[in-house]
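Only one structure is covered here, and it is reproduced in the block below.
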Amino acid sequence: MKRLKIYIIILWIFILLTGCADRKILEDIGLITTVGYDLAGNNNIRSTMVVLQIDPEAVRNIDVISSEGLTSKGGRLNANLKTSKELQSGQLRVALYNEEIAKRGIKPYVDTLARDPSISDLTYLAIVEGSTKDLLKHEYHNIPDVGQQLFNQIEQLTDKEQISNSTLQEVQQSYYSDGIDPVLPILKRDGELIRVTGNAIMRNDKIVGKLSPDDSFYVKLIRDQYHAGSIELSFEMKDENGKEQKVTTVIDMIVSSRDLSLKDKNIPQFDLKLNIKARLLEIQGDIDLTIPRNVKQLEKALNNKIKKEAKKVITYSQKRNSDIFGFGEVYRSSVRHADLSKGKWHEKYKNMTYTMKVDFRLVRTGITE
């Protein structure tokens, strides 16, 4: 009898919990998949949302809604006044910020995403040249769902290691770490296409410079490591007769590792070693790769090219006082009681020096072998 009473009590608890649950019917919900933020007048924020509607009878399953508010959440509340469905952000996959906002700082907008438990840490963040509203509201001839297009585009470029990982989790981690700054992809509407124009380098949460897609290769090379990836490189090299000529190559299947160590904490000074293995996919130039000596010459030329370009990217980032490579992380872990803060590290980073060694090897030279 006692056991029966316990079962009845448990049953009533389940019934009460079920009755209190906030039921969500998909047909009554608008799922926000992409959001873009622009500055508007009177210190307002304009939020532009790509909304997926689950409605078999709808002529169009995608809506793009813009609204203004003093905050990003306020913009969403005002957007609710323009639709018959309750807007939910649990399916958000991409968040965009125009350059004006990025110059002021994206921290308030990133924090509000991070605080929302319904939003995934794997949501991609990106900077937009021009208006995010223009990019999202444009009716593209060959893009039926601009939100899905953006997600697929950023994801495949991240997987192919052509751009750095810019998920909410990665950006938050870089921002709150004292020894590294975030890096985000830059997007631009180019007619009927959406193009990735490079990477935005940040100091804390503000954009302070831009790198081309080719320069972004060296950021990942120094900041992280490659497991795939490809790049086109042009340079001058001598053939077997000692004649100088221009050579263009495409290398892929890149595998790299870095060894970064602190040599002098007072300057500070670092020792950077890059180990790279790659396959030669294509070569334009009169180089006979059946001759081992020429392959060695090609490796040396590629080695020098990569070293030269990597130094240029570091110099550019130092001038803008943005440590997107993580030198500060190595400093913090190497110096006991460093008491490092973002501000302190940026002061040291401006005067940082380093030595660089690149060890490049071709593991295959294609069908010429």
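Derived from the Cα gyration tensor, the three semi-axes of the equivalent ellipsoid of the chain are 46, 26, 22 Å, largest first. Computed extension length for TYR176-LYS311: 46.0 nm, one decimal, from 0.36 nm per residue of separation with the Cα-Cα distance subtracted. Solvent-accessible area per residue in the range 213-369 equals 53 Å², computed with a 1.4 angstrom probe and all protein chains kept. Alpha-carbon geometry of the range 221-281: the Rg and the Dmax are 16.1, 48 Å, given in that order. Computed over the alpha-carbon atoms, the range 150-238 gives an Rg to Rh ratio of 0.99, Rh here being the Kirkwood radius from the mean inverse distance.
Across the range 143-198 the C-alpha pair distances fall into 5 Å bins from zero in the proportions 4, 18, 24, 23, 16, 9, 4, 2, 0 percent. Note that the range 49-160 presents 51 Å² accessible area per residue, ligands and nucleic acids not counted, probe 1.4 Å.
On the range 242-369, 46 percent of the accessible area sits on carbon and sulfur atoms, based on a 1.4 Å probe. Annotation: for a label point projected 7 angstrom from Cα along Cα→Cβ of ARG361, residues of the range 248-282 with backbone N closer than 19 Å are 251-260, 273-281. For the range 79-238, which whole percent of the accessible surface, found with a 1.4 angstrom probe, sits on carbon and sulfur atoms? The C+S portion of the solvent-accessible surface of the range 79-238 is 43 percent. Using r as the Cβ-Cβ distance of THR353 and GLU100, and R0 as 35 Å, what FRET efficiency do you calculate, to the nearest 0.05? E(calc), rounded to 0.05, equals 0.50.
A convex hull fitted to the Cα coordinates of the range 212-369 yields 116 cubic angstrom per residue.
For a straight C-alpha distance cut-off of 21 angstrom, the lysines reachable from LYS160 (same-chain residues fewer than eight places away being disregarded) are LYS188, LYS210, LYS220, LYS277. Between ILE54 and GLN156, the simple spin-label model (points 7 angstrom out along Cα→Cβ) gives 2.7 nm.
The values are calculated or read from the model by the stated rules, or taken from the named source; none is laboratory data. None of the values given here were measured: they were computed from a predicted structure. Ideal geometry is used to build each Cβ from the backbone, glycine not excepted, and the neighbour counts take in all protein chains shown. When the accessible area is computed, the model is the full protein with side chains, heavy atoms only, and any ligands, DNA or RNA have been set aside. Shrake-Rupley method; radii C 1.70, N 1.55, O 1.52, S 1.80 Å.
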